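Student: My structure is below; once you've seen it, I'll send some questions.
The numbers here are math on the coordinates, done by the rules we state, and not lab data. Keep in mind that this is a model prediction, so the values were computed, not measured. Reconstructed Cβ throughout: ideal geometry from the backbone, glycine too, with neighbour counts over all protein chains shown.
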Amino acid sequence: MESILAPVFTGLSVSAVLLLIALGLTFTFGQMNVINMAHGELIMAGAYTTYLLQSTLPSPDVAYLLALPVAFVLAGALGLGLERTLIRRLYGRPLDTLLATWGISLLLQQFARDVFGAANVQAQRPSFLDGGLEVGSLTLPWSRIAILGLVVATVAVLSVTIARLPYGRRMRAVLQNRQLAEVTGVRTDRVDGITFFMGSALAGTAGVALTLLGPIGPSLGTFYIVDAFLVVIAGGLGHLRGAVIAALGIGMLNAVIEQTTQASVAKAAVFAAVIALLQVRPQGLFSHRSRALV
Amino acid sequence: MICLSRGRRLLLLFTTLALALGGGQAVATEGGEDPIKVGILHSLSGTMAISEVAVHDAELLAIEEINAAGGVLGRQLEPVIEDGASDWPTFAEKASKLINEDQVAVVFGGWTSASRKAMLPVFEAERALLWYPVQYEGLEASPYIFYTGAAPNQQIVPALDYLKEQGLTRVFLLGSDYVFPRTANQIIKAYAAANGMEIVGEEYTPLGHVEYSSVVNKVQSASPDVVFNTLNGDSNVAFFKQFRDAGITAEDIPTMSVSVAEQEVVGIGAENMAGHLVAWNYFQTTDTPRNEEFVADYQAAYGDGNPTDDPIEAGYVGVYLWAQAVEKAGTTEVEAVKEAAKGVTLEAPGGEYQIDGENQHIYKTARIGVVRDDGLIDEVWNSGEAIKPDPFLTTYPWAEGLAG
């Protein structure tokens, strides 16, 4: 039983991490056609927020819980600032935003290096996430289960927002046909701003969650950015369902192949699979069908 | 008289002034003490920055101390700092720039074997000197590189001897996917075959890889006595956090690391590394007269929270050894320094060091340590006297055929 449970849990866990980092990106990329290369650095901002709170507050557990909303707001504000000052001037020029946000990413990395030092900093796992669920001889770590839970909750909240809330409807309208939405009175610039805030804020929360698993340093963003884009493109831009299924697919495929071969082989296989998918469906798994001319 | 327009006259005036001032300055410095330029080439950004910035700091500290004591040959040392950016071709490019454009007398730099392999042809073609401060896989002895880090017979082989002695004979090999771990594992496999140790797994992950759940699963199913860890960079943080997360402590499956030192333990978290083994030639806790002073100076310069470790000490020592060789040679000229460096000794924080003229490595004492709860490392074994460096493992019959 353990021999199946281990890779399955690993696959789910990897998928959860992928989804976490890709959720924010799928909306900013889908909605505004903005290729935000600084997305990784927004994740890094969330991670450093955890470190900062833990070093100033006496209780690491409280600090960690507090970091979730604080990073949400902080990263969201950072993203919104980026959108207002830089990205909205480059609206409709995806390649220019790619270059510009790449530059911002380098700036933010160096900023982190200058302020926090080049060396990694430490964040303590909160004590209530110590240990794991014992299943036979396997231990399923609580931190990974918590990340799974966080992702499920986030997806649930997002789908309700998109389906029910007025903002969600407006976002879908802009996604499907920007010009028509504008004509019908939707303030597209406001919707863009809120979407970017939300996407960046999700990245910040992802950063807090990732401190449980990996290093916290200036290069943190670079470890996750490629996977984030992979999930977004495979799943279809702007599609929550697409991102979920793409993350699941990529995560499980990676875990299964790595179980029998090596990490590098699994990575290569995943890339090959995504490329094959894009050959058949260039728009990704799901796409918006609309009558827009653009 | 040539009729010059107003613009042209102004231009002529400015140019003359600039030349006069600039020329004047050049004259002023020639008469005084000309500083000796030395190059410092480490990754100050990218995944290896977490380890290399501290070595760069240590080298700058050594230069500062030497300058305060009067410099080398009466001249002050002037560091020229470049960033290798954890990108190996950049190391080669910056090395070339330091040698040709900045005309440095020597370069202190590198960390990963990949960066050293990229720089090696540059230094050999330009006949310039590189002082390389990190433990590595050996099988190399370039005439233009001085190696102040451990050769495999000063780190990896003593670590294996220790593991064998402790009865930990089922070994799982885990490393980053590049030249150092791959070559180190070849050495380990040759040793294991000749010494009755069993290799129960061999896994490589790309540099910068941070997802280790599959690897941890594989380690658990292989049930080794010990994991010999040659991961480098941020991967170590991810691996040890996730290893500990899976409920595995150092009592269940200990690890022996050769690229994790006090500096890396800070990022990993002492609670994730407590009880695990590391093999080096120097620890912050090493008990030598020079070390207490060194740790105090380093922490005074860079902060109490910053530990010293083996590569930091090796970088620091490299600058001093070079300075001594230059004093002995009376010049910074490369061939003279190389000749003078043979047999140079130094009272270092890690013990009494001596440069082996044959292969340009240094005699070092091997030490095995256990990571403490506070992040520092306690020594549990050392080799007694300093080991003569043997980068090609010529004195080990089981290593025949590896140097090919």
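Student: On average over all directions, what projected area in square nanometres does region B:120-173 have, based on the convex hull of its Cα atoms?
Tutor: Details: hull surface 17.9 nm².
Computing the convex hull of the Cα atoms and averaging its projections yields 4.5 nm².
Student: On each of the three principal axes of the Cα atoms of region A:73-129, give max minus min coordinate, whole Å, ordered largest first.
Tutor: 47, 26, 16
Student: Rounded to a whole number of µm²/s, how large is the Stokes-Einstein D of region B:54-99 at 10 °C and 1.306 mPa s, given Rh as the Kirkwood radius over C-alpha pairs? Each step should come with its number before you reach the end.
Tutor: Numbers: Rh = 12.0 Å.
Calculated translational D: 132 µm²/s.
Student: How far is helix B:156-165 tilted off the main Cα axis of chain B, in degrees rounded to 10, range 0 to 90?
Tutor: Result, in degrees: 20.
Student: Ranked by Cβ crowding within 10 angstrom, fewest neighbours first, how are A:R164, B:R170, A:R170, A:R144 ordered?
Tutor: On the way: A:R164 10, B:R170 16, A:R170 20, A:R144 25.
Ascending Cβ contact count within 10 Å gives the list A:R164, B:R170, A:R170, A:R144.
Student: Once phi is turned into θ = phi - 60°, what whole-Hz ³J(HN,Hα) does the Karplus curve with 6.51, -1.76 and 1.60 give for every residue of region B:43-48, x standing for Gly and Pro?
Tutor: With the stated coefficients, region B:43-48 comes to 6, 9, 8, x, 5, 8 Hz.
Student: Quick check of the Kirkwood formula: for chain A, what is the inverse mean of 1/r over all pairs of different Cα atoms, in Å? Can you show the working numbers first?
Tutor: Values: mean 1/r = 0.0509 Å⁻¹.
With all distinct Cα pairs of chain A included, I get 19.7 Å.
Student: Given N residues in region A:1-87, what is Rg(Cα) / (2.2 N^0.38 Å)?
Tutor: 1.37
Student: Here's a follow-up. Express the C-alpha Rg of region A:60-215 as a ratio against the empirical globular expectation 2.2 N^0.38 Å, rounded to two decimals.
Tutor: Working: Rg = 19.1 Å, N = 156, 2.2 N^0.38 = 15.0 Å.
Taking the Cα Rg and dividing by 2.2 N^0.38 Å, one obtains 1.27.
Student: If we count every other residue with Cβ under 13 angstrom of B:V200's Cβ, Lys/Arg +1 and Asp/Glu -1, where does the sum land?
Tutor: Summing Lys and Arg as +1 and Asp and Glu as -1 gives -1.
Student: If Lys and Arg each add +1 and Asp and Glu each add -1, what is the summed charge of the other residues whose beta carbon sits under 14 Å from the beta carbon of B:G330? List each step's numbers first, then the result.
Tutor: Working: positive: B:R75, B:K328, B:K338; negative: B:E327, B:E333, B:E335, B:E339.
Net charge in that neighbourhood comes out at -1.
Student: Rg over Rh of the protein assembly as shown, using C-alpha atoms and the Kirkwood radius, what does it come to? Intermediate results must be reported in sequence, preceding the final value.
Tutor: Details: Rg = 28.1 Å, Rh = 27.4 Å.
That ratio equals 1.02.
Student: Considering amide H positions built from the backbone, and no H for Pro or chain starts, which residues 5 or more places from B:I199, or on another chain, come under 5 Å of its amide H?
Tutor: Amide H to amide H, under 5 Å and 5 or more residues apart or across chains, B:I199 pairs with B:V171.
Student: Please report, largest first and rounded to whole Å, the three semi-axes of the ellipsoid equivalent to region B:97-197, where each semi-axis is the square root of five times an eigenvalue of the C-alpha gyration tensor.
Tutor: One finds semi-axes of 33, 12, 10 Å for region B:97-197.
Student: Which of B:K189/B:K218; B:K117/B:K364; B:K218/B:K388; B:K328/B:K364; B:K94/B:K338 have a Cα-Cα distance over 28 Å?
Tutor: Numbers: B:K189/B:K218 19 Å; B:K117/B:K364 23 Å; B:K218/B:K388 37 Å; B:K328/B:K364 22 Å; B:K94/B:K338 22 Å.
From the list (B:K189/B:K218; B:K117/B:K364; B:K218/B:K388; B:K328/B:K364; B:K94/B:K338), the Cα-Cα distance tops 28 Å for B:K218/B:K388.
Student: Let me ask something additional. Determine ³J(HN,Hα), in whole Hz, for all residues of region B:315-328 in sequence, where each value follows from phi through the Karplus function 6.51 cos²θ - 1.76 cosθ + 1.60 and θ = phi - 60°; x replaces Gly and Pro.
Tutor: For region B:315-328, the Karplus-derived couplings read x, 4, 5, x, 4, 5, 5, 4, 4, 5, 5, 5, 4, 5 Hz, x marking Gly and Pro.
Student: Please list, in chain and number order, the residues 5+ apart from B:V72 or on another chain whose amide H is under 5 Å from its amide H, with Hs placed from the backbone.
Tutor: B:L77
Student: Right, here's the next one. Please give me, ordered by residue number, the GluC sites (Glu not before Pro) of region B:211-316 that lie in loop per DSSP and have at most 10 other Cβ atoms within 10 Å.
Tutor: Numbers: sites: B:E211, B:E251, B:E262, B:E264, B:E271, B:E292, B:E293, B:E313; in loops: B:E211, B:E251.
The qualifying sites are B:E251.
Student: Could you tell me what a quarter of the Cα convex hull surface of region B:201-329 works out to, in nm² with one decimal place? If you can, show how the numbers build up before the last one.
Tutor: On the way: hull surface 40.0 nm².
Result: 10.0 nm².
Student: Through the Karplus equation 6.51 cos²θ - 1.76 cosθ + 1.60, θ set to phi - 60°, convert the phi angles of region A:227-235 into ³J(HN,Hα) values in whole Hz; use x for Gly and Pro.
Tutor: 4, 4, 5, 4, 5, 5, 6, 5, x
Student: Based on the Kirkwood radius over alpha-carbon pairs, what value in µm²/s does the Stokes-Einstein equation return for the translational diffusion coefficient of region A:144-294 at 10 °C and 1.306 mPa s? Walk me through the intermediate numbers first.
Tutor: Details: Rh = 17.3 Å.
After rounding, the answer is 92 µm²/s.
Student: I would also like to ask the following. Binning every alpha carbon pair distance of region B:41-117 at 5 Å from zero, what are the percents per bin?
Tutor: Result, from short to long distances: 3, 16, 25, 22, 18, 10, 5, 1 percent.
Student: To continue, here is another question. Return the whole-Å distance between the Cα centroid of region B:343-404 and the Cα centroid of region B:41-86.
Tutor: 23 Å
Student: Further, regarding this structure: So who's got an amide H within less than 5 Å of the one on B:I81, skipping anything under 5 residues away but keeping other chains? H placed 1.01 Å off N, in plane.
Tutor: B:I40
Student: Rounded to a whole number, what is D in µm²/s for region B:273-319 from Stokes-Einstein with the Kirkwood radius over alpha-carbon pairs (25 °C, 0.890 mPa s)?
Tutor: Working: Rh = 11.5 Å.
D = 213 µm²/s.
Student: Rank these for me by crowding, B:K189, B:K241, going from fewest to most other beta carbons within 10 Å. Let's see the in-between values first.
Tutor: Numbers: B:K189 16, B:K241 26.
Sorted ascending by nearby Cβ count, the order is B:K189, B:K241.
Student: How big is the equivalent ellipsoid of region B:323-404 along its three axes, where each semi-axis is √(5λ) from the Cα gyration tensor, reported in whole Å from largest to smallest? Let's see the in-between values first.
Tutor: On the way: eigenvalues 165, 93, 20 Å².
Over the Cα atoms of region B:323-404, the ellipsoid semi-axes are 29, 22, 10 Å.
Student: Within the set of other residues whose C-beta is less than 10 Å from the C-beta of B:E140, count the net charge using Lys and Arg as +1 and Asp and Glu as -1.
Tutor: On the way: positive: B:R116, B:K117; negative: B:E137.
It works out to a net charge of +1.
Student: I've got another one for you. What list do you get for B:D234, B:D34 if you sort them by fewest beta carbons within 10 Å? It would help to have the intermediate numbers written out before the result.
Tutor: Values: B:D234 30, B:D34 11.
Placing the least packed residue first, the sequence is B:D34, B:D234.
Student: Kindly express, to the nearest 10 degrees and within the range 0 to 90, the angle between helix B:235-245's C-alpha long axis and the longest C-alpha principal axis of chain B.
Tutor: That helix lies at roughly 30 degrees to the long axis.
Student: Along its three principal axes, how long is chain B when you only count alpha carbons? Whole Å, largest extent first please.
Tutor: For chain B, the Cα spread along each principal axis is 94, 45, 43 Å.
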